[in-house]
Amino acid sequence: MMTHYSFGVSGNLVKFPYREIYYHTLLLEPFLQVPDIQIMASSILRRFLPRKTTWMYGQRMMSSTIDVSVDEQTGIALMRMKRKPVNSLNLEFLQDIRNTIVTLEQNKKCKGLILTSDVPKIFSAGIDILEMYQPNEERLNSFWRALQDMWLQLYMTPLATIAAINGHSPAGGCLISISCDYRIMAPNYTIGLNETLLGIVAPFWFKDAMCNTVGHREAEIALALGKLYSTEEALQKGLVDEVVTSEQIMEAAQKKMLEYVKIPNMARAMSKQLMRQETADKLRSTQDSDVQNFVNFCLQDKVQQSLGFYLEQLKKRKSK
Ligand code: CO8
């Protein structure tokens, strides 16, 4: 279904392809720069658009879980994840992240994307464990497919990508980070693929992305022990590239991104493709069986017990 929203006469057509929403912004543009009017426009639009819809005006895109802005002068987009309380990755959030990347790729002015979190002290807690615990089988299928699709989009995007890791980043949070071209992390947080601590196993493409980042031997140790590295250890092992304070992290990310976007776009994107194609193709050629393996694995009683136990531990830790 195609929905049309038109504000005023024909102007800049802002296209948001995956939801197929089109509207005109030229006349509204000057007004939309004023914060109060942005808030007003936001509440009006929210009334008319379906609840979960991601929408954009001018160079801002918003959904209930993500804020994105694009600086047209530098070509740098900033994506802030804001799915409270811990940016855990459920089906809809994964779709939102992927769709945002697709939209940014179609924006000719956008060359680079900085990913960060709007949730204090947490970059992302990884997969929403509630998607795996006592699941509905059909949704579990869609969920895993959405994770694969998000990962493929992020890992292979022609945009330059930087993770500004301003909080803890376990499991799926680590996957998002290592799928970016460059990682900057703030001190006193942890990052790693800790799946084994939950009694589950990181799939081969998590493992491949980790090997590509820290090398085979370190990845082997990390995966077996479900190792969560401190920021300092992560820097030492090459899991992150740079450490700066939380206050400096956005400035550092912008500075590094300017280096990336200065490189001729096509050459940079193709060299990334060259490095990553093989890893991505490995998943692309086995997506269906990977979904099936995941679903079968999750539905095992033992795995359900482990997940239930882990969730309990999380709650207990909180009540201490
Ligand atoms: N999923 C769902 N809920 C979560 C998750 C999560 N990943 N993490 C935390 N929560 C919930 C907590 O249970 C708590 O809920 P409630 O308020 O209802 O009690 C709420 O979020 C807040 O959590 P905390 O109180 O623990 O918040 P803190 O700020 O103290 O700590 C942390 C934040 C450090 C992120 C901490 O919550 C934590 O360690 N979370 C667990 C992270 C984790 O282990 N994630 C792994 C997920 S698995 C994954 O991503 C890859 C799976 C690969 C698939 C394998 C194939 C089989």
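The values are calculated or read from the model by the stated rules, or taken from the named source; none is laboratory data. Owing to the predicted nature of the structure, the values given are computational and were not obtained by experimental measurement. Note that each Cβ is placed from the backbone with ideal geometry, even for glycine, and that neighbours are counted across all protein chains shown. Ligands, DNA and RNA are stripped out before the accessible areas are found, and what is left, the full protein with its side chains, is counted by its heavy atoms. Shrake-Rupley method; radii C 1.70, N 1.55, O 1.52, S 1.80 Å.
Values computed for the structure shown
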quantity	calculated
Boolean, residue 299 is within 26 Å of residue 137 (Cβ to Cβ) and surrounded by 15 or more Cβ atoms within 10 Å (Cβ to Cβ)	no
Any hit, region 110-123, residues being of a type in the set (D, E, K, R), free of Cβ contacts under 8 Å to residues at least 12 places away in the same chain and more than 16 Å from the ligand (Cβ to nearest atom)	no
Selection within region 177-199 - in contact with a helix residue (DSSP H, G or I) (Cβ under 7 Å, 6 or more places away or on another chain), open to solvent by less than 20 Å² (accessible area, probe 1.4 Å), touching a residue at least 40 places away in the same chain (Cβ under 8 Å) and not in a strand (DSSP E or B)	178, 186, 198
Selection from region 207-234 of residues that are among the charged types (D, E, K, R) and touching a Gly at 6+ places or on another chain (Cβ under 7 Å)	227
Filter result for residue 316 (modelled with pLDDT under 95 and either within 12 Å of the ligand (Cβ to nearest atom) or buried (at least 18 other Cβ atoms within 10 Å of the Cβ) (or both))	yes
All positions within region 255-277 that are in contact with a Lys or Arg (Cβ under 8 Å, 6 or more places away or on another chain) and open to solvent by 50 Å² or more (accessible area, probe 1.4 Å)	260, 265
Total residues in region 222-234, condition of a type in the set (A, V, I, L, M) and buried (at least 18 other Cβ atoms within 10 Å of the Cβ)	4
Exclusive hit being touching a strand residue (DSSP E or B) at 6+ places or on another chain (Cβ under 7 Å) and open to solvent by less than 20 Å² (accessible area, probe 1.4 Å), set 209, 219, 252, 280	252
Cβ-Cβ under 8 Å pairs, at least 6 apart or on other chains, region 276-290 side within 12 Å of residue 204 (Cα to Cα) and β-branched (Val, Ile, Thr), far side surrounded by 12 or more Cβ atoms within 10 Å (Cβ to Cβ) and modelled with pLDDT of 95 or more	279/155; 279/205; 279/208; 279/209; 279/212
Some residue of region 171-188 being closer than 16 Å to residue 116 by Cβ, within 16 Å of the ligand (Cβ to nearest atom) and in contact with a Lys or Arg (Cβ under 6 Å, 6 or more places away or on another chain)	yes
Count - residues of region 151-165 that are surrounded by fewer than 24 Cβ atoms within 10 Å (Cβ to Cβ) and within 15 Å of the ligand (Cβ to nearest atom)	2
Condition broken by residue 293, with the remaining ones in (1) within 24 Å of the chain's Cα centre (by Cα); (2) open to solvent by less than 40 Å² (accessible area, probe 1.4 Å); (3) within 16 Å of the ligand (Cβ to nearest atom) satisfied	(2)
Of all residues in region 242-269 being in a helix (DSSP H, G or I) and of a type in the set (Asp, Glu), the one that is nearest to residue 163 (Cα to Cα)	251
